[in-house]
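Contents: one structure, followed by commentary.
Just so it is clear, none of the values below were taken in a lab; they were calculated from the coordinates. Everything numeric here is computed off the predicted structure, so don't read it as measured data. Cβ: placed from backbone, ideal geometry, glycine included. Neighbour counts: every protein chain shown.
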Amino acid sequence: MVSREKLAASNNNMSYEKSPLNITPAVEVAYDLHPAAALYRAATCNELDSSLQRRSVEFRKRLYTDNQPDSWKDKFTLLSVFVDRSIAAPRNKAQLNRSEKSKKSKGDPDWNLRHLAVTPLLASCTNFVRNNDNLWDYPRRMALSVRRGCRDLAEYQGVMAIISSGQNDIFQQFIDAKLQAFDVPAVSGVPRDVEQTIAAEDADLSKLLYPYSGVLVSNIRLMCGEWRQNLVSTQFIVLLDSVLRLHAFSEVRHLAMANAAIFDALLKSQATGRSLSREDIIQLLSPHPLHEGLDLLAEVRSLAVHLERAKQGWLILGKAGCDIASHTHSVEALVSWSEAITSNGDQAFASGIEIFRQQSLDGKIDSNIDKSSSMNNFDEFMKYALQQRAMNTGRDGQYDQGYWARKQGAHNSAPYKISISPFGSLAFAGLAANSMPTCTFADVKRSLMSAGLALGESGQDQLYRSLKGLGTTVDSPDGAGGFLVSNPFYILR
């Protein structure tokens, strides 16, 4: 039998995991991160992830036995499309060896999936993303991001219906026809049900923790509702993926910063005897956009350390008896907790923080941070969300133009700097213009800012050169925006 004391301690340790601040990224989703595939799966599949996992494993087994062109009337095997070198990212010797080994394991061997034009059917039967039902189950997280940006369930279902409607592109029709010949079950088109999670969230706090969700929904609605039908599928999927990558990074970054900000504010509140007001909480959780030109790895590492330090603190508080989940579920709860802390009304917090301070002085907190596997997982997730896959020459390749962090040189130790993505500049020019034929350069900057990226002088120069190189600038200076930018996706009706 488990004692009441041990059971209570176990429940307390779970307290942070049940709080809205919890972050547990899985490194497995990072290596071939495909937000567009995750979005399609979230919009079309409300099945248990275990059934999707079984389907993907079975599909891969069948795919790699499909190597006889004569068995197909058109002589093209589905496997030949999946391993087409023309759409593959370059691989070094170690990667090639790893890829060969993965074919013999249960890992995902489909190197090119990130570079294929995704269909909802393809997303439902392949292992683009990890199948684990936790906060960082990528399809579920994409579903939550969309749902948080919608006013209600009806709007969420409408947006997901737009996403799952697919595309009549000939290449996607070809892929789907091949999949159907494999007897891949048709997707239901029912979006991921996340209402139970949404119902448990405080609306005011959710807006503060996920400030980019509303803009994300607007961007998805425009891209999937208007652009997709007029673009080649391979081009569209890179545009969508690029936009989703920036949004995903911004969302995770903001949530990580919120962890550190709230923990440090409560620590300071106890030390100074000054409780936090509602306005203080709102100010603490205000967005801080990422700045172009930063070293990605240094930025992510700093963020990971601050997040892990806060998580170490939450863990100690949980063991001391603090019910972190109930104290952090709303803005009002945070204010009340702060008042209790400053009036010495929360002895569990006082004893937990004393342990945290002592372990900080002893170096134990720093030691735990250095040894933390979750911090390394966070590092991996954040780096691969943005960084370019550079060739050995250090130059861009046609396979990867949707990055937001570019390698500054060909050598292995060259840093990745936050940069303007070529496809990203094209996408955000269209998003800024919406359905109008032109917008100002200032509009494009604001559009990027709304997704979490702020531009300094060098970033504005990068953006200008990128837009000019794509032929979208109109040299007609205006007083407000500097010059006009043509909407690359404008269709004259």
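Taking a 23 Å limit on the Cα-Cα distance, which of the listed pairs Lys61/Lys178; Lys311/Lys407; Lys268/Lys319 fall beyond it?
Lys311/Lys407
Which order do Ile355, Ile23 fall in if you start with the one that has the fewest other Cβ atoms within 10 Å?
Ranking Ile355, Ile23 by Cβ neighbours within 10 Å, fewest first, gives Ile355, Ile23.
Sequence-distant or interchain residues sharing an amide H contact under 5 Å with Ala454, placed H: which?
Amide H neighbours of Ala454: Leu290, His291, Glu292.
To the nearest 0.05, how large is the calculated FRET efficiency for Lys75 and Ser51 if R₀ is 41 Å and r is the Cβ-Cβ distance?
0.75
Could you give the length gained on full extension between Arg278 and Ser165, defined as 0.36 nm per residue of separation minus the Cα-Cα distance, in nm?
Working: separation 113, 0.36 × 113 = 40.68 nm, distance 4.24 nm.
Answer, rounded to one decimal: 36.4 nm.
How large is ³J(HN,Hα), in whole Hz, for each residue of segment 275-286 in order, when computed from phi with the Karplus curve 6.51 cos²θ - 1.76 cosθ + 1.60 and θ = phi - 60°, using x for Gly and Pro?
Ordered by residue, 3J(HN,Hα) equals 6, 8, 8, 4, 5, 4, 5, 4, 5, 4, 9, 5 Hz.
Subtracting the Cα-Cα distance from 0.36 nm times the residue separation, let me have the gained length for Glu17 to Lys268 in nm, one decimal.
88.0 nm
Work out from phi, with θ = phi - 60° and the Karplus expression 6.51 cos²θ - 1.76 cosθ + 1.60, the ³J(HN,Hα) of each residue of segment 239-254, listed in order in whole Hz, and give x for Gly and Pro.
So the J values, rounded to whole Hz, are 4, 5, 4, 4, 5, 5, 4, 5, 4, 4, 4, 4, 5, 5, 4, 5.
For segment 288-433, with equal point scatterers placed on the C-alpha atoms only and solvent neglected, what are the log10 I(q)/I(0) values from the Debye formula at q = 0.13, 0.16, 0.17 1/Å, to two decimals?
Here the Debye-derived log intensity ratios amount to -0.77, -0.92, -0.97.
For the residue pair Ser302 and Arg465, what label-to-label distance in nm results when each label sits 7 Å from Cα along the Cα-to-beta-carbon direction?
2.4
Order these by the 10 Å Cβ neighbour count, fewest first: Ile163, Ile491.
The most exposed by this proxy come first: Ile491, Ile163.
Could you give each residue of segment 215-231 its phi-based ³J(HN,Hα) in whole Hz, using Karplus coefficients 6.51, -1.76, 1.60 with θ = phi - 60°, and x for Gly or Pro?
5, 4, 4, 4, 5, 5, 4, 5, 5, 7, x, 10, 6, 4, 5, 10, 10
Would you list Cys322, Cys439 from fewest to most Cβ contacts within 10 Å?
Cys439, Cys322
Debye sum, Cα scatterers, segment 216-289, no solvent: what log₁₀ I/I(0) at q = 0.21 1/Å?
Taken in order of the listed q values, log10 I(q)/I(0) reads -0.90.
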